[in-house]
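Below: one structure, written as structure tokens.
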Amino acid sequence: MLVNQFLFLAAILFCIGVYGVIARRNAVLVLMSIELILNAVNLNLIAFAMRNGSPDGHTFALYVIAVAAAEVGVGLGMVLLIYRNRKTIALDDLSEMKG
Amino acid sequence: MVAQNIGFALIALVMIVGALRVVTTSNVVHAALWLVVVLSGAAAQYVLLAAEFVAITQVLVYVGAVMVLFLFGTMLTRSRIGRETDLNNPRWKWGIPVALLLFAAMAIALVSAFGDEKMPEDAAPVPVQVVSDQIFGPYLLPFWALSFVLLAAVIGAIVLARKD
Amino acid sequence: MVAASETLNPLATGWFLENAWLIPIVPAIGFALIIFFGKQLPKKGSEIGVLSMLVSLGLAAGAAYQWIERVSSASYEQFVEPVVRTWSWWTIGGVDLTIGQSIDGLAVIILVVVTFISTLVQIYSVEYLHGDRRYTHFFAALTLFSAGMLAMVIAEDTILFILGWEIMGLCSFMLIGHWWEEGANSRAALKAFFTVRTGDMGLLVGVAMLYFASNEWTTENLGVSGFSIRGISAWALSGEPNSAVITVAAIALFIAAIGKSGQFPLHTWLPDAMAGPTPVSSLLHSSTMVVAGVFLVARLYPVFYTGLDILGPGGNFITVIGGITIVIAAALAFVQSDIKKVLAYSTVSQLGYMMLGLGAGAWLPAVFHIFTHAFFKACLFLGAGSISHSASHHSFDMKKDMGGLRKVMPITFTTWIISTLALAGVFPFSGFFSKDEIIDNVGNNGYTIFMIVGLIGAFMTAAYMTRATYLTFFGEARGASAGEHDDHGDHATDHGHGDAHSAHDGHGESRGPRESGPLITIPLILLAVLAFGSGFLNATPFGSSWERIKVWVEPRPAVVMEVAPSGPGESIGLPAAEGHSDTPCGKEAPAEGYCFAPKLEHAKFKWSKAFLSLGIVFAGIVISWLLSVALYTRRSKALVGLTERNKLLGAGYRLLVNKYYLDALYEQVIVKSIVGPIARAAYWFNQNVLDGILHAVARVNRAVSGWLYRNVDQRVVDGTVNNSGRATKGLGGVLQPIQSGKVSQYGALLFAAAAVAALVLVIINT
């Protein structure tokens, strides 16, 4: 197995996640795209862990997973709050920081 | 070797298709389900990469908890279940060149850095014990920090989502 | 031969001599004080004037006393060096310009005369001009005049000399035109100024020529510049000068003297200058300023001696001019009815005597005549002023407003007579000792024709003064002297007391002619005493022990070996083994050392010559008396109207009355022909060229500024400002959408930037 194949896969996932963050209007979908990005990173970490023969990558990946979980929890909490106040979670409508 | 490559290729294809569907579908629930596909594929890749504990953790946490969260969030924000239009913001076309540019950059870097480098042949699966030794050994501090982060996240989520 | 080892006495000096430069400073300060504070003082500034002149007089008297001591301390043949002090005030291009004093006998005698007469005139003016409309400025100008003349007298260098000369000219102008509201007065002032100015060109030319010719020699030998009077004198006698150069320089300087001292042909201004107040006439135009020209010749005598070959055979320029002046002025004095004009022509004539003396090599008699003439002429003028002030009600017309005044004005009369006798040259009055010496020496030096001219002049002087005396003091009182003084409109000159009428006590009750007050009569008495006694200071007839002025004033023609460059000098070398009689000075260049004065001849006095001149004078007095009595009192038919009946006499009379038509020549012909075209040309130049240039410049300016405004200011500058604002606004407008508040857009930008950065990094590192 090439090292690059995993890395390329991670890169593709990363870019798709980036596209999703940019293009999506729904806040929840944006969060999902962020999950894609995080998973791409995780894949990178594990691939390098195998290449280098050290378990550091695993450890780091575990931490990333934990943090991602926490981040999703908080993020969705915020989305709920916004929804309660604005009745919408379309990001286009949340432009008070305009100007 | 060949079996691993074939397995990798199949799983990679599924993952990419799934990721694309996540960012292009016009149904929020479908996007969530496609994300499940991607996450599961990632777990399979971890197995290929001899990271069994991480794969299991991925399934447990991501697929099991995070996706449920997403679905709850979708339901609670009354995103219409079923087909709906207009999930892309007006400037969605800008994302394509950005993503492509990014990919180009990364591709160039990867090709020039690693080229045709192969993974080590004799990679043994990393036992859980080794991972736990790492966590509670050199990386103990980040572990504790992480616990605080999780605590904060829990409290934060509860505070945010409270109905006052 | 004097023993070669005879050393010379060190010359005595003293504080007054060393600090004689204070003498002009004090009146100059007085002038400034009067200008600034005079009007506020109780006596309107006259006290400052009198005080400053008294101080100067004291300083001058001290200097005279110490000079006499200095002379006494020298041995008989020793050259008495002048007391010199110089200060350098400017150095330019290697030329060191100095200012300073050079006090010798000539300077001392003139200082005493000027300060004394100035003091008396200032005291006199306190009464005479009381209540005048410009009292304070009168005293200011009078004091400034004294400062200027004193500066000229002490001057060590020709620059200071010119400065003093010019200040005198300015003050003369100011004082003659003191009552300038009447056109005649201001015209007279202008005439005086311009006529003297014409001569002053000669002064500048002469000084410049002497500087350039002598500077090399003087700096090399004496360490002084070509402006130094001592330097020029030594240079003139050193045999160095090119004879053409020094002759032209001497003539140029003499032209200046002609203008200032009223010699023919530039004498026309002096009689008109009588339009000024009488104190001015007596100070400036009789005793002090007009002798400045004589002083110039006497001071720079070696230049004239060498340049005009004074002791050589035949006449020279100076004697010719002097002789002509004596006669024509005396002739004009006969036809004047204004008493001041008689005195003015008399002054011109006496100045002619002084010039004649100088031109003929009679240096000391001419200088002595300055001395005595100052006293009796000033006394005569002040007497005329006294008459006008107290008797003839500001009129100077002898025929109309005077007559028989000897009974009413005894002091004025007595002083007048004393001064007249002195002027005529009657023994033992001072004029005899000075004027006769001139005539004697002129004849002795070989100028026989001029001696005869001098004798004729003496006759005429006695005659016209007798006529004037008769008209004024004898006969019957006429006009104002008789107590009639109504219409003031008649009074032409000297009447400017518009605001002073209240000062004349008792105008309504006609008090008639009376003697003047003490402030007027005391100066008269003092001057009359001097007019009588000053002659004894150099009474040659009585023997050489009486010739004090000669000893004190005449520079000795001894050769001086070494000269200290500045400061009070002593002759520290030996005389070149020659005594008084063997000195080469004047005849040839000294072999070594320097000459400062030429050797002159002195006529031996003979009573036979004196009797001749006295006889001529008496003849003049008697003939004039008889004629005056016949013409003016008895109105004898033969004499009255004679000039109208007899064609020749009538033509002569008209010639005299019209002043030889010289005024007409100068004003109508010369001045008009020069002034008219020049004035028109200047006007044309001003209007067309100068104004044309100005207008063109203005037009160009306007066009340029208009163009600048439209293009540079409006378009470029304003455009830059406006467009920068628009650009900023545009840029802001362009950048504004970035801040849309849309999260997705922010995210897009973020990732795009990151992508670009990554790409760059990748490319750099691969």
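Going residue by residue through segment C:151-160, is there one that turns out to be touching a residue at least 12 places away in the same chain (Cβ under 8 Å) and assigned to a loop (DSSP other than H, G, I, E, B)? Quick ask: steps written out before the conclusion?
Step one: filter segment C:151-160 for residues touching a residue at least 12 places away in the same chain (Cβ under 8 Å), giving C:151-160.
Then drop every residue that is not assigned to a loop (DSSP other than H, G, I, E, B), which leaves C:156.
Taking every residue of segment C:151-160 in turn, at least one turns out to be touching a residue at least 12 places away in the same chain (Cβ under 8 Å) and assigned to a loop (DSSP other than H, G, I, E, B).
For the subset of segment B:129-141 comprising residues that are more than 21 Å from the chain's Cα centre (by Cα) and assigned to a helix (DSSP H, G or I), which member is surrounded by the fewest Cβ atoms within 10 Å (Cβ to Cβ)?
The initial filter retains those residues of segment B:129-141 that are more than 21 Å from the chain's Cα centre (by Cα), namely B:129-130, B:132-141.
With the extra rule that they be assigned to a helix (DSSP H, G or I), the set shrinks to B:129-130, B:132-135, B:140-141.
Numbers: B:Gln129: 10, B:Val130: 16, B:Ser132: 14, B:Asp133: 14, B:Gln134: 21, B:Ile135: 18, B:Leu140: 11, B:Leu141: 8.
This residue is B:Leu141.
List the pairs whose first member sits in segment C:18-35 and is touching a residue at least 12 places away in the same chain (Cβ under 8 Å), whose second member is aromatic (Phe, Trp, Tyr) and part of a helix (DSSP H, G or I), and whose Cβ atoms are under 7 Å apart, counting only residues at least 6 apart or on separate chains?
Hits for this filter: C:Ile34/C:Phe139.
The conditions are (1) more than 8 Å from chain A (Cβ to nearest Cβ); (2) more than 13 Å from the chain's Cα centre (by Cα), and B:Ala43 fails exactly one of them. Which is it?
The failed condition is (2).
When the residues of segment C:178-225 are filtered to those that are part of a loop (DSSP other than H, G, I, E, B) and in contact with a strand residue (DSSP E or B) (Cβ under 9 Å, 6 or more places away or on another chain), which remaining residue is farthest from C:Ala256 (Cα to Cα)? Steps first, answer last, please.
Within segment C:178-225, the subset part of a loop (DSSP other than H, G, I, E, B) is C:178-182, C:222-225.
This time we only want the ones that are in contact with a strand residue (DSSP E or B) (Cβ under 9 Å, 6 or more places away or on another chain), so: C:222, C:224-225.
Working: C:Leu222: 27, C:Val224: 25, C:Ser225: 22 Å.
Among those that are part of a loop (DSSP other than H, G, I, E, B) and in contact with a strand residue (DSSP E or B) (Cβ under 9 Å, 6 or more places away or on another chain), it is C:Leu222.
Yes or no: A:Leu7 part of a helix (DSSP H, G or I), closer than 16 Å to B:Val47 by Cα and within 7 Å of chain B (Cβ to nearest Cβ)?
Details: part of a helix (DSSP H, G or I): yes; closer than 16 Å to B:Val47 by Cα: yes; within 7 Å of chain B (Cβ to nearest Cβ): yes.
It is true that A:Leu7 is part of a helix (DSSP H, G or I), closer than 16 Å to B:Val47 by Cα and within 7 Å of chain B (Cβ to nearest Cβ).
Look at B:Met67 and say whether it is surrounded by fewer than 17 Cβ atoms within 10 Å (Cβ to Cβ), more than 7 Å from chain A (Cβ to nearest Cβ) and farther than 30 Å from A:Gly53 by Cβ. Write out each step before concluding.
Numbers: surrounded by fewer than 17 Cβ atoms within 10 Å (Cβ to Cβ): no; more than 7 Å from chain A (Cβ to nearest Cβ): yes; farther than 30 Å from A:Gly53 by Cβ: yes.
Criteria not met by B:Met67.
I need every pair where a residue in segment B:124-151 that is facing chain A (nearest Cβ under 7 Å) has its Cβ under 8 Å from the Cβ of a residue that is in a loop (DSSP other than H, G, I, E, B) and not basic (Lys, Arg), sequence separation at least 6 or different chains.
B:Val126/A:Pro55; B:Val126/B:Ala50; B:Val126/B:Ala51; B:Val130/A:Pro55; B:Val131/A:Pro55; B:Gln134/A:Pro55
Mind checking which residues of segment C:164-177 are in a helix (DSSP H, G or I) and over 10 Å from the mean Cα position of the chain (by Cα)? Walk me through how you get there before you give the answer.
To start, the set of residues in segment C:164-177 that are in a helix (DSSP H, G or I) comprises C:164-176.
Selection gives C:Phe173, C:Met174, C:Leu175, C:Ile176.
Considering only residues that are at the interface with another protein chain (Cβ under 10 Å from one of its Cβ atoms) and over 13 Å from the mean Cα position of the chain (by Cα), which ones fall in segment B:30-40?
In the first step, residues of segment B:30-40 are kept if they are at the interface with another protein chain (Cβ under 10 Å from one of its Cβ atoms); the result is B:31-32, B:34-35, B:38-39.
Hit for segment B:30-40 is B:Ala31, nothing else.
Any residue in segment C:40-50 that is crowded, with 21+ Cβ neighbours inside 10 Å, among the hydroxyl-bearing types (Ser, Thr, Tyr) and over 21 Å from C:Ile103 (Cβ atoms)?
There is at least one residue in segment C:40-50 that is crowded, with 21+ Cβ neighbours inside 10 Å, among the hydroxyl-bearing types (Ser, Thr, Tyr) and over 21 Å from C:Ile103 (Cβ atoms).
List, please: which pairs have Cβ atoms under 9 Å, are six or more places apart or on different chains, and start with a residue in segment B:1-17 that is farther than 12 Å from B:Ala42 by Cα and end with one that is surrounded by fewer than 15 Cβ atoms within 10 Å (Cβ to Cβ)?
From residues that are farther than 12 Å from B:Ala42 by Cα, the pairs are B:Met1/B:Glu121.
Tell me yes or no: at least one residue of segment C:737-750 is more than 30 Å from B:Val23 (Cβ to Cβ) and either away from chain A (no Cβ under 12 Å) or surrounded by fewer than 11 Cβ atoms within 10 Å (Cβ to Cβ) (or both). So that I can check it myself, show each step before the final result.
Just the residues of segment C:737-750 that are more than 30 Å from B:Val23 (Cβ to Cβ), to begin with: none.
For segment C:737-750, residues more than 30 Å from B:Val23 (Cβ to Cβ) and either away from chain A (no Cβ under 12 Å) or surrounded by fewer than 11 Cβ atoms within 10 Å (Cβ to Cβ) (or both): absent.
Taking the stated definitions as given, is C:Leu111 closer than 20 Å to C:Leu284 by Cα and surrounded by fewer than 20 Cβ atoms within 10 Å (Cβ to Cβ)?
Details: closer than 20 Å to C:Leu284 by Cα: yes; surrounded by fewer than 20 Cβ atoms within 10 Å (Cβ to Cβ): no.
No; evaluated as a whole, the condition is false for this residue.
Residue under question is B:Phe103, and the condition is that it be farther than 23 Å from A:Val28 by Cα, in contact with a Cys (Cβ under 7 Å, 6 or more places away or on another chain) and within 7 Å of chain A (Cβ to nearest Cβ); does it hold? Outline the logic, then answer.
On the way: farther than 23 Å from A:Val28 by Cα: yes; in contact with a Cys (Cβ under 7 Å, 6 or more places away or on another chain): yes; within 7 Å of chain A (Cβ to nearest Cβ): yes.
Considered against the rule, which asks whether it is farther than 23 Å from A:Val28 by Cα, in contact with a Cys (Cβ under 7 Å, 6 or more places away or on another chain) and within 7 Å of chain A (Cβ to nearest Cβ), B:Phe103 comes out as yes.
I need the full set of residues from segment A:40-99 which are assigned to a loop (DSSP other than H, G, I, E, B), out of contact with any Lys or Arg (no Cβ under 8 Å at 6 or more places or on another chain) and within 14 Å of chain C (Cβ to nearest Cβ), in order please.
Going residue by residue through segment A:40-99, those that are assigned to a loop (DSSP other than H, G, I, E, B) are A:53-55, A:87-89, A:94-99.
Among the residues that remain, those that are also out of contact with any Lys or Arg (no Cβ under 8 Å at 6 or more places or on another chain) are: A:53-55, A:87-89, A:96-97, A:99.
Residues satisfying the conditions are A:Thr88, A:Ile89, A:Glu96, A:Met97, A:Gly99.
Here is a yes/no grid of residues against (1) in a helix (DSSP H, G or I); (2) surrounded by fewer than 24 Cβ atoms within 10 Å (Cβ to Cβ); (3) of a type in the set (S, T, N, Q):
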site	(1), (2), (3)
C:Ile232	yes, no, no
C:Gly239	no, yes, no
C:Ile246	yes, no, no
C:Ile251	yes, yes, no
C:Ala256	yes, no, no
C:Gly259	yes, no, no
C:Gly262	no, no, no
C:Pro265	no, yes, no
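Kindly indicate whether B:Ser147 is at pLDDT 90 or above, surrounded by 13 or more Cβ atoms within 10 Å (Cβ to Cβ), assigned to a helix (DSSP H, G or I) and among the polar types (S, T, N, Q). Show your work before the answer.
Values: at pLDDT 90 or above: yes; surrounded by 13 or more Cβ atoms within 10 Å (Cβ to Cβ): no; assigned to a helix (DSSP H, G or I): yes; among the polar types (S, T, N, Q): yes.
No.
On the basis of being surrounded by 24 or more Cβ atoms within 10 Å (Cβ to Cβ), within 30 Å of C:Asn316 (Cα to Cα) and modelled with pLDDT of 85 or more, does C:Phe433 make the cut? Quick ask: steps written out before the conclusion?
Details: surrounded by 24 or more Cβ atoms within 10 Å (Cβ to Cβ): yes; within 30 Å of C:Asn316 (Cα to Cα): yes; modelled with pLDDT of 85 or more: yes.
Against the criterion (surrounded by 24 or more Cβ atoms within 10 Å (Cβ to Cβ), within 30 Å of C:Asn316 (Cα to Cα) and modelled with pLDDT of 85 or more), C:Phe433 qualifies.
Of all residues in segment C:164-185, count the ones that are small (Gly, Ala, Ser) and modelled with pLDDT of 90 or more. Even if it seems obvious, please write down each step before you answer.
Step one: of segment C:164-185, the residues small (Gly, Ala, Ser) are C:164, C:169, C:172, C:177, C:183-184.
If we keep only those that are modelled with pLDDT of 90 or more too, we end up with C:164, C:169, C:172, C:177.
Residues in segment C:164-185 being small (Gly, Ala, Ser) and modelled with pLDDT of 90 or more: 4 in total.
Just to be sure I understand the filter: pairs with C-beta atoms under 6 Å, separated by 6 or more residues or on different chains, first member in segment C:234-259 and closer than 22 Å to C:Glu156 by Cα, second member in a helix (DSSP H, G or I) and hydroxyl-bearing (Ser, Thr, Tyr). Which pairs pass?
Once the first residue is closer than 22 Å to C:Glu156 by Cα and sits in segment C:234-259, its partners that are in a helix (DSSP H, G or I) and hydroxyl-bearing (Ser, Thr, Tyr) give C:Trp235/C:Ser214; C:Trp235/C:Thr218; C:Ala236/C:Thr306; C:Ile246/C:Thr306.
Being in a loop (DSSP other than H, G, I, E, B) and without any contact (Cβ under 8 Å) to a residue 24 or more places away in the chain is the requirement here; does C:Ala679 meet it? Give the steps one after another, and end with the answer.
Details: in a loop (DSSP other than H, G, I, E, B): no; without any contact (Cβ under 8 Å) to a residue 24 or more places away in the chain: yes.
So C:Ala679 does not fit the description; no.
Among (1) over 22 Å from the mean Cα position of the chain (by Cα); (2) surrounded by 24 or more Cβ atoms within 10 Å (Cβ to Cβ); (3) closer than 25 Å to C:Arg467 by Cβ, there is one condition C:Tyr305 misses while meeting the rest; what is its number?
(3)
Would you point out the residue of segment C:527-562, among those that are surrounded by fewer than 18 Cβ atoms within 10 Å (Cβ to Cβ) and over 30 Å from C:Pro302 (Cα atoms), that is modelled with the lowest pLDDT?
Per the stated criteria, the residue is C:Gly533.
Go through segment B:104-122 residue by residue and tally those that are part of a loop (DSSP other than H, G, I, E, B) and within 28 Å of A:Ile16 (Cβ to Cβ).
Within segment B:104-122, the subset part of a loop (DSSP other than H, G, I, E, B) is B:115-117, B:119-122.
Keeping just the survivors that are within 28 Å of A:Ile16 (Cβ to Cβ) gives B:115-117, B:119.
Summing the residues that are part of a loop (DSSP other than H, G, I, E, B) and within 28 Å of A:Ile16 (Cβ to Cβ) in segment B:104-122 gives 4.
C:Glu515 - would you say it is assigned to a loop (DSSP other than H, G, I, E, B), surrounded by 16 or more Cβ atoms within 10 Å (Cβ to Cβ), of a type outside the set (Ser, Thr, Tyr) and at pLDDT 60 or above? Can you show your working first?
Numbers: assigned to a loop (DSSP other than H, G, I, E, B): yes; surrounded by 16 or more Cβ atoms within 10 Å (Cβ to Cβ): yes; of a type outside the set (Ser, Thr, Tyr): yes; at pLDDT 60 or above: yes.
Yes, satisfied.
Give me the pairs, please: first residue somewhere in segment C:753-765 and facing chain B (nearest Cβ under 8 Å) and more than 10 Å from B:Leu102 (Cα to Cα), second residue anywhere and part of a helix (DSSP H, G or I) and among the small types (Gly, Ala, Ser), beta-carbon distance under 6 Å, and either six or more positions apart or on two chains.
If the second residue must be part of a helix (DSSP H, G or I) and among the small types (Gly, Ala, Ser), the pairs left are C:Val762/B:Ala105; C:Val762/B:Ala109.
Can you tell me which residues in segment B:105-121 are within 13 Å of C:Val762 (Cα to Cα), surrounded by fewer than 17 Cβ atoms within 10 Å (Cβ to Cβ) and of a type outside the set (Ser, Thr, Tyr)? Before the answer, list the steps.
Initially, segment B:105-121 is screened for residues within 13 Å of C:Val762 (Cα to Cα), giving B:105-113.
Remaining after also requiring surrounded by fewer than 17 Cβ atoms within 10 Å (Cβ to Cβ): B:108, B:111-113.
Across segment B:105-121, the qualifying residues are B:Ile108, B:Val111, B:Ala113.
The values are calculated or read from the model by the stated rules, or taken from the named source; none is laboratory data. Since we're looking at a predicted model, the values are computed, not measured. When we count neighbours, we look across all protein chains shown, and the Cβ atoms used for this are built from the backbone with ideal geometry, even at glycine.
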